[in-house]
Structures are given as C-alpha cells and as structure tokens.
Amino acid sequence: MQIPIKYIPNEVENKWYDYWMKNNYFHSEPDEREPYTIVIPPPNVTGVLHMGHMLNNTIQDVLIRRARLKGFNACWVPGTDHASIATEAKVVAKLAAEGIAKADLTRDEFLNHAWDWTHKHGGVILEQLKKLGASCDWKRTKFTLDDDLSESVIDTFIDLYNKGLIYRGYRMVNWDPEAKTTLSDEEVEYIEKQGKLYYVDYKIEGSDEVVTIATTRPETILGDTAICVNPNDERFTHLKGKRVVVPIANRSIPIIEDEYVDMEFGTGCLKITPAHDPNDKVIGEKHKLEVIDIFNDDATLNAAGLQFEGQDRFEARKAIVKELEEKGYINKIEDYINKIGISERTKAVIEPKISAQWFLKMEEMVKPAIKAVKDGEIKFFPKHNVNTFNHWLENIRDWNISRQLWWGQQIPAFFYGDGVEDFVIAKSAKEALPLAVKASNKNDLQLGDLRQENDVLDTWFSSWLWPISVFDGIRHPNNKEIEYYYPTNDLVTAPDIIFFWVARMIFAGYEFRDTKPFSNVYFTGIVRDKQGRKMSKSLGNSPDPIKMMKEHGADGVRAGLLLAAAAGNDLLFDIELVKQGKGFANKIWNGFRLVTSWEVSATIEQPESSKKAIQWYEAKFQQTLESIEKSFEQYRLSEALMTIYKLLWDDFSSWYLEVVKPAFGQPIDVNTYKASIQFFENNMKVLHPFMPFLTEEIWQFIAERAPEEALIVSEYPKQRLFNSKIINDFEIVKEVVSGIRTIRKDKNISFKNTIDLSVMNSDNFTKEFDAVVTKMGNVANMSYVIEKVDAALSFRVKSNTYFIPMEGAIDTEAEKVKLQEELKYAEGFLRSVQGKLKNERFVQNAPEQVIKTERKKEAEALAKIEALKSSILSL
C-alpha cells in the first residue's frame with residue numbers, strides 16, 4: 001500500500017470510525033471475561049458539544065479503549081438526559097414565538113410539542129461525540145424518558161413512598177419565577193449583588209412613636225404580619241404587647257418577642273413576613289402568625305399587593321419605595337452588598353415560597369454513602385473532593401423532588417379529595433382506584449373522581465438511577481446484565497455535579513442494590529480560557545469543538561486537551577496545545593514513513609550500534625510502561641500522555657531511529673527492521689487510547705490485518721522485568737553524543753566530516769556503547785587514553801574526559817581569537833561580581849538569597865576562566 005506523504009485527519013477519521021462501527025467493536029455482551037464498565041454522564045438531550053464535554057468524554061474514551069486493549073469486556077453506555085427545566089423552557093419559548101401559550105394547551109398537547117422538539121434537536125451531541133472518536137456501545141443508547149427508564153423511576157417512587165421515605169407537605173421552597181417551578185437547594189447559586197438597605201418607620205398604634213426596621217426587600221412589607229424584637233433588648237421593653245401599623249397596607253400587626261433577633265444587626269427590630277422568608281416562616285409558625293403571600297408564580301404581585309397588583313416584583317419595589325418616601329416612612333437608605341440566590345438554569349432571582357411539595361427523607365439515606373467514601377470503598381480523584389462531599393452530606397436537608405412542569409415523569413399520586421393527605425400512590429389510575437376507595441371509605445368512587453398530581457419528578461430523580469436503570473436493574477433486579485456489569489468501574493464527571501448526581505447515585509446504589517454504583521470517581525477540572533474565565537457562549541471565549549477537530553484533527557484536539565488537564569485541576573485551554581497535539585501526530589507519521597521507506601536486506605549483518613539501540617529501547621519501553629501504569633492508577637492521564645509523548649518524540653524518534661537509520665542509499669538489515677516495526681506496533685498500542693485514529697491508520701499500514709486483528713481489539717503490551725542499567729548507561733551515551741554535537745556546533749565542524757575521539761576513562765563506564773557513540777557522533781576513530789590529549793578540544797561526562805583533536809578539524813588561529821574574546825568578557829564579568837562582593841554596604845544590606853546568587857556567579861566565572869585558559873593553552 002502506498003503510504004501518503006502527509007497525515008490528513010479528515011480523510012482518516014471517518015474511515016476508521018465507520019470500520020469500528022461496522023465490525024461491532026464497541027458493543028459488549030456479558031461473557032466469561034471480566035467486565036469494565038463506564039456510564040456516560042448523560043448530557044441534555046437537546047444540547048450540543050462544548051469544551052467540558054470534550055474533556056470529559058476524551059478521558060472516558062481513553063479509559064474504555066485501554067480497558068479493551070487489556071482484555072476486559074469493555075462497556076461504555078451512552079445516553080441523554082431529558083433535562084426537564086431546560087427543555088421545557090426551550091419548548092415554551094418556541095411555542096411563544098409561534099403565538100401559542102402553554103396555558104392554552106392541554107398537558108398531552110404540550111407533550112406532543114415537546115417530543116417533536118426532542119426528536120428534531122435531540123441526539124445531536126451523541127453524533128458529535130462520534131467525531132471525537134468516542135467508542136460508546138451505541139446499541140445501548142438510553143434516554144431518561146425511555147419507557148423502561150420512566151417505569152423504573154415510577155417504581156422507585158412507589159417503593160420509597162411505601163417505605164415511608166417520601167412525603168408531601170407545605171414547605172418553604174426555592175421558587176424559580178421564570179421556569180415557574182421549585183428548585184432543590186443544589187440548583188441555587190449564590191452571588192453578591194450591590195443593593196440598598198431601606199430603613200422604614202412603622203407607627204406604633206395609638207401613639208406618635210415609631211419603630212424602625214431595616215429591609216433589603218421593601219416590596220414584602222405588604223406581606224408583614226408582625227414586628228419582632230429580642231426580649232433581652234432593653235431598648236424595646238416598653239413595646240411589649242403593643243401593635244404597629246404596616247405602612248401603605250394600614251394593617252395592624254403585633255410586636256412579638258423572640259431571641260432569634262440579633263440585637264446588633266440593623267435597628268434590632270425585625271419585620272416578619274412568613275410567606276417570603278424561611279426564617280420568618282419558622283418564627284411565624286412558632287408564634288402562630290398569619291401568612292400573606294403577595295406574589296403570583298411569575299413573581300408579579302397578586303391581590304394582596306394592593307394597588308401594585310400585576311407589577312413585577314422589582315418594578316413594584318421602586319413604586320413602593322417612592323410611595324414610602326412620599327408618605328414619610330423612609331428613615332434613610334444605605335448602599336448594601338447582598339447575597340442573593342439565583343436559579344442555576346435560568347439565572348432568575350429565587351423567590352422563597354410556601355408550597356405543597358414532595359420530599360425524600362435524606363437523614364438515613366446518606367449514611368451508607370458517607371461510610372463508603374470514608375472507608376475507601378468508593379475512591380475520589382483528586383482526594384480533596386471528599387471534604388466537599390462530606391460537608392454537604394453532613395448538612396443535608398430533605399430533597400424536594402417535585403417540579404411544577406409537564407416535561408418529565410408525572411408523580412404517581414392520585415387525589416380523591418381536597419385535603420393535603422387525600423391521595424394514594426399507584427402506577428396508574430386503575431390501580432389507584434381500589435386504594436382510594438379504601439382510603440376514603442367511599443365505595444361509589446369512580447375513575448373520573450381521581451385527579452393525578454400535576455407535578456413531575458426532578459430530573460435528577462431519574463438520573464440518580466442511571467448506573468442501575470440502564471441495565472434494567474430496578475424493574476428486573478436479578479437480570480443477567482445488572483448482575484454482570486454492576487457495580488460499574490469508573491465515573492468521570494465534573495465537580496459541579498458532585499451533589500446533584502454523584503452523591504445521589506451513591507444513595508441509590510446502596511438503597512436499591514445494597515452496594516456501590518462505581519469504584520472510582522474522577523473529577524475533571526473546569527475548562528477555562530487563558531485568562532482563567534470559565535468558557536461560555538455568553539463570553540464568546542469557547543471555541544467550536546467541531547470546527548477545531550476539522551482544523552487540527554480529533555487526535556490533535558484530544559491530545560491538546562489532555563496535555564493541559566493536570567489531574568482534577570482546572571484546565572487553562574490554549575489552542576497552542578492542540579497545535580502541539582497535531583504536531584505530535586505529524587512527527588509520528590513522518591517517523592513511520594521513514595522506517596517504511598528503508599530498503600530491507602536479509603544478507604547484510606546487523607550493526608553493533610543497532611543491537612545496542614534495540615536492547616536499550618526494549619528496556620526503555622518497559623520502564624515507560626511501568627510509569628504509565630502508575631499514572632493510570634492515580635488517574636493522572638495527562639501525566640501518562642506526557643510520558644508517552646516523551647517516549648515517542650525523544651527516545652524513539654530522536655534517538656532510536658537515528659541510531660538504527662542506515663546510511664543514505666543503503667539498506668537496513670532485516671533483524672533491525674523487524675525490531676523497529678515491533679516497536680512501532682507497541683508504541684501504537686500504548687498511544688491508541690489517546691490518539692485512536694492516527695494509531696489505527698499506522699497499524700493497518702504496517703501489515704494487512706483481518707478485522708479481529710485491528711488495533712482497537714489488539715493486546716496491550718505486557719509488563720516485564722527490564723534492565724535498568726542499560727537505560728542509565730544510555731543516558732551517559734546521550735550526554736557524550738550531545739557533547740560532541742555541542743563542539744561541532746560551536747566550532748562549525750560540519751557533521752558530514754568525520755572526527756576522531758579519545759576517551760580518558762577514569763570510571764568503569766563500559767565500552768559496549770562505543771558503536772552508538774561512533775555512529776551518532778560520526779566518529780572515524782575512537783580510542784582510550786590514560787593521559788590528557790594535547791591540541792584537542794575536550795568535554796567531561798561524569799568522570800570521563802573526551803578529546804577531539806583540532807588538527808584538520810578547526811582553524812586554530814581563528815579559534816584562539818574567539819577564545820581570547822570570551823576570556824576577556826569572562827574576566828570583566830568576574831571583576832564586576834567581585835566588586836559587589838567586596839562592597840561591605842552591599843553585603844550587609846542585600847538579602848541572603850541575592851548574596852548566594854552573586855557568589856554562585858563568581859564561582860561559575862572562575863571555572864569558566866580556568867577552562868578558557870586551558871583551551872587557549874592547548875591551542
């Protein structure tokens with residue numbers, strides 16, 4: 001086969017991906033081999049590939065391809081998440097653009113639109129992952145709204161409810177007024193924002209006296225139902241039992257006492273608004289206060305907002321402050337930095353809201369998860385994530401699992417009355433009816449009398465089952481696949497979903513299968529730009545991954561990402577690293593073309609230099625293999641790739657190939673050629689997980705292969721004992737050759753011209769590498785001497801001195817002039833340094849490190865002067 005001059009990724013990648021797919025290499029079925037399993041963190045079904053996905057999935061593909069080469073039954077399950085909040089928001093916006101309001105549609109009509117949207121835009125990201133080379137078992141692709149996965153979610157809800165772990169109650173929740181749904185605590189981000197602190201006077205009923213409260217949210221004054229002071233605060237003892245009038249609303253509310261009030265904050269008087277603050281709600285329940293909710297679901301004011309009804313909360317704030325000022329209620333206004341919660345998805349400011357919601361009890365469920373991580377049954381890489389994990393679990397609150405949406409699994413609760421507890425839990429209305437008849441004592445109850453809960457379950461309530469449900473382990477807990485593939489091996493994910501997903505999968509694993517869902521969790525860093533900013537569409541600092549792969553090749557991008565990704569640390573992405581990855585691919589390709597261009601002879605003898613190079617590279621490869629294994633054990637994939645990079649670029653290309661390369665126009669002996677091809681094959685095996693397309697292309701060019709002999713399913717090199725002495729000796733050889741090259745360069749001695757080399761050997765460095773030195777240094781005669789050689793240039797390696805006779809090699813007079821100039825400069829530099837060191841003022845006042853640096857300069861200058869004088873003398 002004709003090997004192309006250049007490696008062109010775009011011509012290679014589709015060819016080999018199609019070949020891999022055609023031959024079913026990615027697919028796994030249970031067999032007698034040990035399984036190695038990864039489940040993909042399912043991206044949003046309508047999402048597109050971004051740099052975070054690129055990094056995460058490259059790492060997963062490296063792990064799965066390596067496991068496949070190592071003989072494991074490798075199974076990487078792909079899939080997507082229905083992302084209820086994000087997807088519903090997109091569908092609502094799309095319908096609004098068409099003049100259709102969600103409120104005008106039935107649930108089924110809306111869901112038809114949502115499914116149309118999903119079918120049109122869904123799955124794009126999975127196709128994009130194929131361009132990256134992701135070797136997922138595509139036949140196993142799952143979607144969190146697939147019928148079997150949805151049934152698993154409903155079965156789980158019913159099971160947990162029957163165990164007494166799910167309950168319904170009125171709670172203060174995080175309300176997203178844009179998405180019009182509740183959010184769990186983990187879906188709320190907190191940011192600091194410049195705001196105002198308003199001091200407002202409330203008149204004491206039947207008196208001219210006022211009490212002043214401080215608030216950042218004057219619009220909620222309309223929902224106030226008490227003023228609270230600390231009973232230990234002597235300033236307000238006289239107010240006990242009195243009432244105040246709410247400004248604008250003109251309602252009379254009591255002054256109550258509670259030690260919750262911080263006497264040092266603000267004025268010491270606290271307005272209590274039970275409907276709109278979680279702490280106020282607790283005080284309200286304790287003192288049996290009225291609850292006045294002033295907001296609609298979209299955070300506009302309702303009828304309780306009086307003349308401000310219909311206004312957005314922030315517009316209403318301005319209008320209320322204006323009226324308070326006009327009526328003399330504003331005491332003063334100060335600038336104030338406030339910490340506010342925003343929705344992780346929509347970025348809307350969260351509104352605390354009392355609402356009937358469904359909750360999952362967490363207190364007992366977290367205990368096996370804490371123990372599993374503490375005991376090392378589940379390992380985190382990097383380890384510092386354990387502290388974050390423990391802190392959250394030790395302070396966890398019950399999980400709000402209901403969402404006021406239509407896109408998702410509808411909660412299987414069927415109401416037969418208007419009471420909070422007037423419901424039964426069942427998979428269908430038909431199954432619910434006899435339960436409702438029994439619970440209500442109404443024998444005439446009909447199916448039409450039942451009303452299913454409108455809310456759907458939190459998306460995470462489906463994805464927490466992912467490692468189990470993709471193998472149908474909820475519906476059929478003893479099936480062959482779940483018994484074989486579960487628990488999975490490694491989870492690769494971003495640190496920002498350690499609570500949303502990682503912790504909850506651990507809860508589910510121990511709750512439903514009484515064992516861990518995975519053994520290791522590798523937390524990737526966050527991909528940032530060179531300025532340290534997180535990559536995002538809004539900042540415009542994220543490159544298009546597909547365009548980048550077209551320009552630099554998938555392998556170049558994969559290598560560039562991993563070279564930048566130190567284990568678990570944030571990645572400062574630099575396109576230059578991708579270019580380095582592309583350059584690495586070209587270097588390997590050119591090396592392969594070089595080897596395959598040599599004419600091979602079965603009759604010529606193998607040179608001694610080639611024998612030594614082969615022995616050395618065999619040992620060096622094994623040493624590198626050991627290092628790669630250690631890096632993988634610690635999930636230091638960037639380190640593993642850099643080790644391979646140095647092996648192939650420095651050791652193989654720059655040294656091994658240069659040693660064995662035949663003279664121009666001459667053939668190579670067959671034994672050296674075979675060894676070189678064998679090395680190339682092993683090099684491709686260790687590089688394949690990182691750069692799969694390039695390596696498969698070279699592998700298939702090396703020899704004609706049957707499908708079962710493809711690189712992707714070949715055997716990873718086995719670790720063997722190796723000779724470390726030959727590796728150490730070869731490092732000395734490198735220094736010797738480098739010394740020769742330095743003299744050639746400095747003295748303008750052409751490499752085409754041979755030189756003589758004498759060695760004054762004062763240690764036991766063996767002569768077995770003389771053939772390599774001779775070849776690499778273009779040495780005509782190499783001899784060993786016991787005395788210094790006159791009229792020669794010299795250099796030292798370890799305790800050996802190497803001499804290159806100058807006669808015929810250099811222009812002696814020109815060299816003398818050059819050395820004299822160097823000596824003059826060195827002596828001038830020495831005088832300057834010694835002048836500083838003789839200056840008592842400098843020595844007394846300069847930092848110790850500066851003095852050390854100057855003394856080091858002095859010593860180096862003295863050594864250089866001595867060497868220059870010696871060289872001049874020899875000339």
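The values are calculated or read from the model by the stated rules, or taken from the named source; none is laboratory data. Treat the numbers as computed from the prediction; the structure is a model and nothing was measured. Positions of Cβ are generated from backbone atoms using ideal geometry, with glycine treated the same way; all protein chains shown enter the neighbour counts. Keep in mind that these areas ignore ligands, DNA and RNA; they rest on the heavy atoms of the full protein, side chains included. Shrake-Rupley method; radii C 1.70, N 1.55, O 1.52, S 1.80 Å.
Which entries of 587/620; 587/661; 288/339; 383/685 have Cα-Cα distances beyond 25 Å here? Spell out each step's value before the answer.
Working: 587/620 20 Å; 587/661 16 Å; 288/339 29 Å; 383/685 30 Å.
With Cα atoms farther than 25 Å apart: 288/339; 383/685.
Residue 244's amide H: which non-local residues (gap 5+, or another chain) put their own amide H closer than 5 Å, with H modeled 1.01 Å from N in plane and none for Pro or chain starts?
205, 253, 255
I need the calculated FRET efficiency for the pair residue 342 and residue 199, taking r as the beta carbon distance and R₀ as 25 Å, to the nearest 0.05. Before the final figure, lay out the partial values.
Numbers: r = 26 Å, r/R0 = 1.05.
The computed FRET efficiency comes out at 0.45.
Kindly write out, for region 768-777 in residue order, the coupling ³J(HN,Hα) from the Karplus curve 6.51 cos²θ - 1.76 cosθ + 1.60 (θ = phi - 60°), rounded to whole Hz, with x marking Gly and Pro.
For region 768-777, the Karplus curve yields 5, 9, 4, 5, 5, 4, 4, 5, 6, x Hz.
In whole Hz, with x marking every Gly and Pro, tabulate ³J(HN,Hα) for region 32-42 from phi via Karplus 6.51 cos²θ - 1.76 cosθ + 1.60, θ = phi - 60°.
With the stated coefficients, region 32-42 comes to 7, 6, 6, x, 10, 10, 10, 10, 5, x, x Hz.
Could you give each residue of region 794-803 its phi-based ³J(HN,Hα) in whole Hz, using Karplus coefficients 6.51, -1.76, 1.60 with θ = phi - 60°, and x for Gly or Pro?
For region 794-803, the Karplus-derived couplings read 9, 8, 10, 9, 6, 9, 8, 10, 10, 10 Hz, x marking Gly and Pro.
I'd like the distance separating the alpha-carbon centroids of region 292-367 and region 175-199, in whole Å.
Here the two parts' Cα centres lie 9 Å apart.
Angle check, please: helix 429-440 long axis (alpha carbons) against the longest principal axis of the chain (alpha carbons), in degrees 0 to 90, nearest 10.
Between helix and principal axis, roughly 40 degrees.
Could you compute the longest span of the chain free of chymotrypsin sites (Phe, Trp or Tyr not before Pro) located in DSSP loops and having at most 10 other Cβ atoms within 10 Å, not counting the site residues?
The segment 266-663 is the longest one with no such site.
Excluding residues fewer than 8 places away in the same chain, name every one of the lysines whose C-alpha is closer than 24 Å to that of residue 869.
Once the sequence-local lysines are set aside, what remains near residue 869 is 745, 747, 788, 798, 816, 818, 824, 856, 857.
Within region 34-77, which residues have the backbone N less than 20 Å from the label spot 7 Å out from residue 496 along Cα→beta-carbon, could you tell me?
Backbone N within reach: 40-60.
Return a whole-number percent for the relative contact order of region 564-640, with Cα pairs under 8 Å and 6 or more residues apart as the contact set.
44
What number, in percent, do you get for the relative contact order of the chain if the mean sequence gap of Cα pairs under 8 Å and at least 6 apart is divided by its residue count?
12
Which net charge results for the neighbourhood of residue 10, defined as the other residues with beta-carbon distances under 14 angstrom from its beta-carbon, given Lys and Arg at +1 and Asp and Glu at -1?
0
Please report, as a whole percent, how much of the solvent-accessible surface of the chain comes from carbon and sulfur atoms (probe radius 1.4 Å).
So the carbon and sulfur contribution to the accessible surface is 49 percent.
Computed FRET efficiency, Cβ-Cβ of residue 866 and residue 837, R0 30 Å: what is it to the nearest 0.05?
0.95
Cβ under 12 Å from residue 650's Cβ, residue 650 left aside: what net charge do those residues give with Lys, Arg +1 and Asp, Glu -1?
After counting each charged neighbour, the total is +1.
Set the Förster radius R0 to 51 Å, insert the Cβ-Cβ distance between residue 189 and residue 590 as r into 1/(1 + (r/R0)^6), and round the FRET efficiency to 0.05.
Between residue 189 and residue 590 the formula returns 0.55.
Report for the chain the percent antiparallel among DSSP-assigned beta bridges with both residues inside it, nearest 5.
70
Add +1 for every Lys or Arg and -1 for every Asp or Glu among the other residues with Cβ under 13 Å from the Cβ of residue 442, and state the total.
-2
Subtracting the Cα-Cα distance from 0.36 nm times the residue separation, let me have the gained length for residue 3 to residue 720 in nm, one decimal.
254.8 nm is the gain from fully extending residue 3 to residue 720.
Quote the relative contact order of region 680-819 in percent (integer), defining contacts as alpha-carbon pairs under 8 Å separated by 6+ residues. Before the final figure, lay out the partial values.
Working: 148 pairs, mean separation 27.3, N = 140.
Rounded, it is 19 percent for region 680-819.
Hey, can you grab everything whose amide H is under 5 Å from the amide H of residue 379? Only 5+ residues off in sequence or another chain; H modelled, so Pro and N-termini drop out.
520, 521
Please give the contour-minus-distance gain from residue 318 to residue 745: 0.36 nm per residue of separation, less the Cα-Cα distance, rounded to one decimal in nm. Can you show the working numbers first?
Numbers: separation 427, 0.36 × 427 = 153.72 nm, distance 7.76 nm.
Taking residue 318 through residue 745 to full extension adds about 146.0 nm, to one decimal.
Extension gain residue 783-residue 873, at 0.36 nm per residue separation less the Cα-Cα distance, in nm?
In short, 30.1 nm is gained.
List the lysines whose Cα lies under 28 Å from the Cα of residue 327, skipping any in the same chain that are fewer than 8 positions away.
196, 203, 240, 242, 271, 318
Sorted by average packing, counted as other Cβ atoms within 10 angstrom per residue and highest first, what order do 351-357, 176-182, 339-345 take?
Result, highest mean Cβ count within 10 Å first: 176-182, 351-357, 339-345.
Which of the pairs 120/550; 6/775; 15/130 have their Cα atoms more than 19 Å apart in this structure?
120/550; 6/775, as the Cα separations exceed 19 Å there.
Which of the residue pairs 22/70; 582/864; 180/534; 353/374 have a Cα-Cα distance greater than 30 Å in the structure shown?
Violating the 30 Å limit, Cα to Cα: 582/864; 353/374.
Run the reach check for residue 371 against aspartates and glutamates, Cα to Cα strictly under 15 Å, same-chain hits fewer than 8 apart removed. What comes back?
Once the sequence-local aspartates and glutamates are set aside, what remains near residue 371 is 363, 394, 511, 514.
Taking the Cα-to-Cβ direction at residue 212 and at residue 541 and moving 7 Å from each Cα, how far apart do the two end points lie in nm?
Placing both labels 7 Å beyond Cα along the Cβ direction yields 4.3 nm.
Taking a virtual spin label 7 Å from the Cα of residue 259 along the C-beta vector, which residues in region 269-293 bring their backbone nitrogen under 17 Å of it?
283, 286-287
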